[in-house]
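Taken together, the values in this text are just the output of simple stated rules run on the coordinates, not laboratory data. In this text the structure is predicted, and so the values were computed from the model without any measurement. Cβ placement follows ideal geometry from the backbone for every residue including glycine, while neighbour counts extend to all protein chains displayed.
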Amino acid sequence: MSELLWVLFDLVLAGLTVGLAWVAVATRELRRGVLLFVGLGLLLAVIWARLRAPDLALAEAAIGAGIAGALLIAALRDEIGVSAEPEDGYTASRRLVDLGAIGLLLALSWGLLDAFLLSDGVRLAEGVAERLGESGVINPVTAVLLNFRAYDTLLELAVVFAAVLGVLSVGPARPALEAGSLVLTGLVRWLVPILVVVAGYLLWVGAHAPGGAFQAGAMLAAVAVLLRLGGVAHAGLPGTAATRWLLVLGIGVFVIVGLSVMFADRAFLQYPGDIAGVLILVIEIAATLSIATALALAYLGGRPVGWEADCDSPQHRVNRGAADRGGDA
Amino acid sequence: MTLANGLPVLILLSSLLPGLVIFLLREDSHRLRTWLNLAGAVIKLILVGVLIWGVFHEQVFETRWMLAPGLDLVLHADALSVLFVTLSTVLWLVTTVYAIGYLEGTPHRSRFFGFFSLCVTATVGLALAGNLFTFVVFYELLTLATYPLVAHKGTPEAVRGARIYLAYTLSGGVILLVGAVWLRTIAGPLEFVQGGILGDIEGLDPWALRWIFAFLIIGLGVKAALVPLHGWLPQAMVAPAPVSALLHAVAVVKAGAFGIVRVVYDVFGVEFLATLNMLPLLGAAAAVTIIYGSVRALSQDHLKKRLAYSTVSQVSYIALGTAIVGPLATIGGVVHLVHQGVMKITLFFAAGNYAENLGIHKVSEMNGVGRRMPGTTAAFTIGALGMIGIPPVAGFVSKWYLGVGAVEAGQAAWVLPVLIGSSLLNAAYFLPILYRAWFRPAPAEWPHEHPRSGRWEMPGALLWPPVITASLALLIGLFAAAPYSPLEWAQLIASREYRS
Amino acid sequence: MTDLLVWPILLPLLASLLALVFPRRGDWIGGMASLAVLISAAWLVHSVWDNGVIAVALGGWQPGLGIALRADGLSSVLLLMVAIVALTIGIYATRYFDNAVVRARFWPLWLLLLAALNALLLSGDVFNLYVTLELVGLTAVALGALGGSRDAIVAALRYLTIGLLGSMAFLAGVVVLYAAYGTLDMVALASVVEDRPATWVALMLMTLGLLVKSALFPMHFWLPPAHANAPAPVSAALSALVVKVAFYLVLRLWLDVFTVALHPATAWMLGLLGAVAVLWGSYRALRAPRLKLLAAYSTVAQLGYLFLFLPLLAGLPDGPAREAAFGAVVLFALTHGFAKSALFLGAGVIQQRAGHDRIEELGGTARALPVTTFVLALSGIALIGLPPSGTFLAKWQLLAAAVETGQWVWIPVVAVGSLLAGAYVFRVLGHAFAPGDRDGSALAAGREELPALALALVATVVLGLAAGGLWGFLDFAAMSPGGAR
Amino acid sequence: MLATTIIYGFAGICLFVLGLRGVLLHTTALARILALNVCGAGVFLLFVVLAYRGAGMTPDPVPHALVLTGIVVAVSATALALALARRLREIDHD
Amino acid sequence: MPDVLALVSIALAIVFYAAGSIGLLRLPDLLSRLHALTKADNLGLGLLATGVALLAGDLVIGIKVLLVWVLVLAASASSSHLIARYSMQAGNRGHGE
């Protein structure tokens, strides 16, 4: 009987998700789309939990629904007063796209069906389980993320770094919000320390239970968002130079650890067995700080005040104004 | 790097290096530029002299450079290539002297002489090409080097003329490329061999070979100005005189004709080609071009346009020679390569002098020019008589051999009328000019005459080139049977082409 | 020796970090890093020349579990090209961005792009390819938007959305592959892939994603505005490297991983799209009002040529003909990389000197900058495929392969494409002969023009004459260890 | 285990296709970004479905790590897209 | 015994959630909807949290779950206050929106 119950539960959950996604994408009215999207993020978190992927549930809730939702709502706020006029006229004809979509749906189903028939379903699961002991951590997902496929995570940090560089180079940050009401500042004053503690806990627990650098980083970014909403202009970010170092910390530590290991004539990122756990923790701490700074800057929407004050040589101080407009290319 | 495989490269470098250096020279360093040009030309002449002596004594000169698997850049000197190299080297020296005089005081001369040297490098490279791939490479390089020369003046007509020239030659180049690739893929590396290589390769589908022959001839026909493809030649008359002289007497037009000779004799082999019976088509095209060119020349009042159409018809003599299967006709065709070059360059030099000195562009303005510029007009007369085919000027020799060759090959029925007809037409459009130049009274004053400076009618650099080339034409005509003469050389080539 | 593979990725990555932290010394850091990458790339090519394919399992885990970096003939040659072009563009960028603030933004992104390109070329893991594609995409968009004008931002935004769509399609393909074969390593996949629906769907999705990223015909509309509005050094990198690297992946997947599932029909379809791209791109380039737009459409056309090679390579049986054709497609990619970046740098010099790059009013500037006009001429020759350039040899091999496999339809396409290319190149060069006053001295804008001149010369003279060694280096055995066929 | 795989697998495919369709049909940047994220969610769902090995068994951790990477990559791409969109609005407004 | 208690509290939670949702759909204006939402859902969450804590059986997990409830209480209280305040400032004086 409980088997049937689970199927019913899955049907409802999956149906709800697809329905929510359909409305979120199809709606003309952006505000509703964004809010439904946040709802979709939370539903997805539930699905990940259902499919026994707790790490992903945390990440989805913190990043997919949380930070992405915050970014989208902030973008909505800029959108007020702007009619949703088309940016550029191109849209493929509706019928063609629908036809293509259905074709793609069938093809993908056919491909995956054939794939499931072909595969024995084990894939890399056994491989990871055998070598988990040597990885220096107990949580298999963290082991894969930071040891077996550490290079992927390094490049992923580079992607975050690229995105934040892009955000910084596009334009100045949004104007800060005025100080919130008493209740809000009270809430912020209570929540921020709790969130920081939880972030630390998540970072620490990642070694042997669901958690880790990305979830902790998102949590710290949430702190920055709260501070920003509470009226704190710099959103907890330190001065320009320190922020630059924080952004660079994650990848820098990762590469330095990877390289220093090579001096003991091992391959890049091949941690020596006994201190693997420690190295992974060091990398995770640096990564958390970098990701939090990057996501905070992304929420700011651009260069914080005085970001490029020190980087233009004296004779160009004159046309600083032009510089902010991107200057002549 | 023994002399054997070094010489061809040296010959190429002797015009390439000065060209590149000239590009970098500042506009006002005239003396250095002139000195570089002349030094390059003279060195090349000496090297070619060594080459002639070597090839005459059966020494093999070859340089090979692998560009890609199966595609080697080969420079190989055989009898035919030496003939064309000598022609272009001699005439390049003369044209350089002429150009230096002609372009005195005009802008962009570094650019001009740079491309001028590149153009000759391409022509010499084309002549020395050892296989079809190298030929195509230099054939395309020639297009690139000559485009800026045609557009040199920068006037809207010049740029338009150059664009038309480019359109024709690039299209021709692409067609030639397709034909060459097709042939190379089905028949393997196409090293030029006296007597042709395709004869000995079995299993080649004749229809494919016919298509390939058509592609190659069309590709080459553009530069050899066969009738439907000749449109660019009159348009390219906007170029300065030395360019139109070099282009129409030595470089571009001859490259096309030389290409046809190479393809017919050294790729297909004339006996094998006869079995494919594509030669009558070539012969017909040549004949049509000869007549059409002469007819159009009649109605041209602009002197250079008339000479251009005359070139269109004259070059097809070479194609006609190749189209007739027989050693004598081959000799006629090949030797005309040289004769037409020498004669036509004289006419263009003279035309350039008239325009430069007296501002005359039209034939109608040429009354009494003989008295005012006797030297140039005398050279013009010799050239014109040669064109008509009156002995003792060189033109007669090649027409004679063509006629005899046609009779020997039994195709006199259609060749002789063409030859005689075209000679009459030549007379029809050249003799009136001569009559007008010598016997008509000179006009009160010339359109814009340069004051007569010193004893001669014109500055030496402009007067002597036409005189030299005219006397050269006369000498080749008179001493045709002498050793090392073009005719002698043509007979050597013909003897090697026909195995039977 | 195997840790050679790591340096081309880590050096620019670390330099990018330094460039962010020390914004004022961006030029110095950038120059040193590009030089170091060039040296490591050259060293890598040398060692691949000595002992074939080099591979390193990162983290010590054997490739099934961990990620492997691999360098064979194809990827090391492209790596060297990327290194040379990036160094040259970097030198030019120090002169192009006169505003130190914009330069401070340029360098971190630029070095990150260089790291991403190298990471993509060396990666041997399919999911890792997704991450590197994403990294290349984001850095390219950020660099493209550096210009700050409205058109640049709109173009960058569209480039980003379309690029992400492509990445998603690629990732979907990766999912199906992992679902079916349970491994992400390309060499392991190559030995285990079977000719069945799962593989077809995976190949279709991954190719669809890569076609979007390499702007093949129907999915090319994002490229011209993005490349024309980006700053000149960036658009040079976009056209010469970023788009090229996506094609490299198609080549790698089709010829190395999915050889079993490669049906001539699908290759023909790609060839057809390539043919249309050639004609459409050249036609639009002919009508482009601006020089950079012309160069962008020319990129669309030249990529069409690259895709023409696919049906030919699929049709040719193993042997010297196929090796010649394979060497030709690599030579074509290399020459286009050098020639197109030279063209864009030349356009950059003209745009800065004349304030605009409208072709009709180009006359005066073309005469004042003889070296730049010469660069445009050289890169034009390489784009048309005229002799001294490497493209001529590649086109010769392309036509030869077409004759060999009896696929005659490509020959008129190449012929017309070359003529159209001739038309749009000489349309630009025609203006250099327009009548005019004083001619500028030989090296009027000296240091700005030298990088472009160097690139153009490499495309025409070096790759034209010295390309013979390429085929030896790329001999088929070096392409995939043990030859999975 | 089979029912769960089929249900969520099909849901994943639907999300992917919906997202793809949304990107092609919408013109405003924000709507396209939403659709892209939905498309990404679909692919991630497929990854996790093929990692799921039934109630009792521990799932395959590799797809989980890949999806984690995917989520972070998606959010950074969204951040960049939103920054560009905002810049565009700023330019249009002054 | 604890399971029965858990079942009862979760059932009650569902009732409260249903009430909250119906309130959200049926009630006329913003403020009354806010009222329904915060009251019903928070209480529902409390019951759910106790039910889950009882099901989990472990004290530490139970406390963590209840901590979740406390945080949600704080967040929803202050956010509903802010929404109300904002809507008041926006001038609809609390009736019919």
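Just a few scattered comments:
- Sorted fewest first by neighbouring Cβ atoms within 10 angstrom, B:Ser364, C:Ser16 come out as B:Ser364, C:Ser16.
- Coil-residue trypsin sites (Lys or Arg not before Pro) of the range B:405-500, DSSP, other Cβ within 10 Å capped at 16: B:Arg452, B:Arg455, B:Arg499
- Inter-centroid distance (Cα atoms) of the range E:1-77 relative to the range A:256-273, Å: 51
- By the Kirkwood approach, averaging reciprocal distances over each pair of separate Cα atoms, chain B gets a hydrodynamic radius of 22.5 Å.
- Two-decimal log10 I(q)/I(0) for the range B:1-112, as the Debye equation yields it once each C-alpha is a single scatterer, q = 0.12, 0.23 Å⁻¹: -0.51, -1.20
- As a proxy for reagent exposure, ranking B:Ser81, E:Ser32, B:Ser485 by other Cβ atoms within 10 Å from fewest up yields E:Ser32, B:Ser485, B:Ser81.
- Mean partner shielding of peptide B:158-165, defined as the number of other chain Cβ atoms within 10 Å of each residue Cβ, is 2.
- Angle in degrees between helix E:59-89 and the longest Cα principal axis of chain E, rounded to the nearest 10: 0
- Charge dipole of chain C (Cα centre as origin; +1 on each Lys and Arg Cβ, -1 on each Asp and Glu Cβ, all else neutral): 1140 debye, rounded to the nearest 20.
- Taking Cα atoms only, the orientation of helix E:42-56 departs from the longest principal axis of chain E by about 10 degrees.
- Value of [θ]222 nm, deg cm²/dmol, for chain B, DSSP H segments ≥ 4, -39500 (n - 2.57) each, nearest 500: -23500 deg cm²/dmol
- Euclidean distance of C-alpha centroids, the range C:237-309 and the range B:144-186, integer Å: 26
- Span-like helix check, chain C: qualifying full DSSP H segments, with Cα axial length of 30 Å or more and mean Kyte-Doolittle of 0.5 or more, are C:26-51, C:73-96, C:100-122, C:150-181, C:264-287, C:291-315, C:320-354.
- Counting charges near E:Ala19 (Lys, Arg +1; Asp, Glu -1) among other residues having Cβ under 12 Å from its Cβ returns a value of +1.
- Entry note: the protein assembly as shown has Rg to Rh equal to 1.08, where both radii use alpha-carbon atoms and Rh is the Kirkwood radius.
- For chain E, pairs of C-alpha atoms spaced more than 22 angstrom apart make up 39 percent of the total.
- Averaged over A:295-302, number of beta-carbon atoms from partner chains that fall within 10 Å: 3
- Every Cα-Cα pair in chain C was counted, and those over 30 Å apart are 41% of them.
- Charged side chains reduced to their Cβ positions (Lys and Arg at +1, Asp and Glu at -1) give the range B:117-216 a dipole of some 480 debye around its Cα centre.
- Reachable lysines, given that their alpha-carbon falls under 25 Å from the alpha-carbon of E:Lys39 and they are not under 8 places away in the same chain: E:Lys64
- Packing-based ranking of E:78-89, C:266-277 yields C:266-277, E:78-89, ordered from highest to lowest mean Cβ neighbour count within 10 Å.
- Comparing A:Leu295, A:Val141, A:Val225 along the charge dipole axis of the range A:128-309, the residue lying farthest to the positive side is A:Val225, per the Cβ-charge model.
- Ordering B:Ala350, A:Phe263, C:His46 by the projection of their Cα atoms onto the charge dipole of the protein assembly as shown, which places +1 on the Cβ of Lys and Arg and -1 on the Cβ of Asp and Glu, puts B:Ala350 at the extreme positive end.
- Per-residue mean of C-beta atoms belonging to partner chains within 10 Å, peptide A:180-190: 3
- Pairs exceeding a 29 Å alpha-carbon distance, out of B:Lys153/B:Lys344; B:Lys223/C:Lys244; B:Lys254/C:Lys395; B:Lys304/C:Lys395: B:Lys223/C:Lys244; B:Lys304/C:Lys395.
- Of interest is the spacing of the C-alpha centroids, which for the range D:50-73 and the range B:276-296 amounts to 78 Å.
- For the range C:1-114, the fraction of alpha-carbon pairs lying more than 21 Å apart is 41 percent, rounded to a whole number.
- Over chain A, dividing the summed -39,500 (n - 2.57) contributions of all DSSP H runs of at least 4 residues by the number of residues returns a 222 nm mean residue ellipticity of -22000 deg cm²/dmol.
- 25 °C / 0.890 mPa s Stokes-Einstein diffusion coefficient of the range A:1-80, Kirkwood radius on C-alpha pairs, µm²/s: 183
- Mean Kyte hydropathy of -1.0 or more with a Cα span along the axis of at least 24 Å, helices from DSSP in chain B: B:3-24, B:30-56, B:79-102, B:109-128, B:132-150, B:156-187, B:206-223, B:279-298, B:303-323, B:327-353, B:412-439, B:460-478
- Cα-based radius of gyration for the range B:205-340, normalised by 2.2 N^0.38 Å, reads 1.03.
- Range in chain B, longest, excluding exposed GluC sites (Glu not before Pro) [loop by DSSP; at most 10 other beta-carbon atoms within 10 Å]: B:203-444
- Listed by Cβ neighbour count within 10 Å, with the fewest neighbours leading, A:Ser181, C:Ser282 appear as A:Ser181, C:Ser282.
- For the range A:128-309, the C-alpha radius of gyration divided by 2.2 N^0.38 Å, with N the number of residues, is 1.12.
- Rounded to the nearest 20 debye, dipole of chain E from Cβ charges on Lys, Arg, Asp, Glu: 300
- Rh (Kirkwood; distinct C-alpha pairs) - chain D, Å: 14.7
- Placing unit charges on each Cβ (+1 for Lys and Arg, -1 for Asp and Glu) gives chain E a dipole about its Cα centre, and among E:Ala84, E:Leu67, E:Leu55 the Cα reaching farthest toward its positive end belongs to E:Ala84.
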